[in-house]
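The next block holds one structure in the form of structure tokens; read it before the comments.
Please treat every number below as a calculation from the coordinates, not as lab data. If you're wondering where the values come from, they're calculated on a predicted model, not measured in any experiment. Here the Cβ is made from the backbone with ideal geometry for all residues, glycine too, and neighbour counts use every protein chain on show.
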Amino acid sequence: MPTFEEIVEKVKNFKNLPTKEEFLEFYGYYKQATVGDCDIEEPEDEEKKARYNAWKSKAGLTIDDAKAYYIEIYKKYADQNE
């Protein structure tokens with residue numbers, strides 16, 4: 001099984017760009033896995049606010065749990081993108 005870091009690189013190289021919803025799903029788990037709970041103020045910009053909300057919604061997950069969820073999301077989309 002590839003590591004979390006290897007899977008992050010695979011996601012970056014998906015041949016099909018993810019939809020906005022898929023991107024936000026990956027983003028929220030990625031930020032929680034690499035930074036932990038959201039520690040920034042809510043931005044005004046709509047696009048940045050969507051990313052903020054995706055990350056904020058993962059609050060309380062441990063780093064290991066967030067990595068595991070990210071990997072599960074990857075598995076869901078991998079067949080269509082490799």
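For region 1-63, report the translational diffusion coefficient in µm²/s to the nearest whole number, using Stokes-Einstein at 4 °C, 1.567 mPa s, and a Kirkwood Rh over Cα pairs.
Answer, rounded: 104 µm²/s.
If I stretch the segment between residue 14 and residue 75 completely, what's the gain in nm (0.36 nm per residue apart, minus their alpha carbon distance), one decimal?
Gain in length upon complete extension: 20.8 nm.
Taking the Cα centre of the chain as origin, work out the dipole magnitude from +1 charges on Lys and Arg Cβ and -1 charges on Asp and Glu Cβ, in debye rounded to 20.
Dipole size: approximately 220 debye.
As I understand it, the value is the acute angle between the Cα axis of helix 63-81 and the longest principal axis of the Cα atoms of the chain; what does it come to in degrees, rounded to 10?
Helix 63-81 sits roughly 50 degrees off the main axis of the chain.
Between 71, 40, 63, where does the largest GNM mean-square fluctuation fall for the chain, given springs only between Cα atoms within less than 10 Å?
Maximum among the listed residues: 40.
With everything on Cα atoms, drop me the angle between helix 46-56 and the longest principal axis of the chain, reported from 0 to 90° to the nearest 10.
Orientation of helix 46-56: about 80 degrees from the principal axis.
Using just the helices of the chain, give the 222 nm mean residue ellipticity in deg cm²/dmol: DSSP H runs with n ≥ 4 each add -39,500 (n - 2.57), and the total is spread over all residues, rounded to 500.
About -21000 deg cm²/dmol.
Residue by residue through region 32-37, which ³J(HN,Hα) values in whole Hz follow from phi under the Karplus form 6.51 cos²θ - 1.76 cosθ + 1.60 (θ = phi - 60°), with glycine and proline marked x?
Those phi angles translate into 5, 6, 9, 10, x, 4 Hz.
Between beta-carbons, use under 12 Å as the cut-off and find the net charge around residue 12, counting Lys and Arg +1, Asp and Glu -1.
Spelling it out: positives minus negatives among the neighbours equals -1.
Which loop chymotrypsin sites (Phe, Trp or Tyr not before Pro) in the chain, with loop taken from DSSP, have no more than 16 other Cβ atoms within 10 angstrom of their Cβ?
Sites meeting the loop and neighbour criteria: 14.
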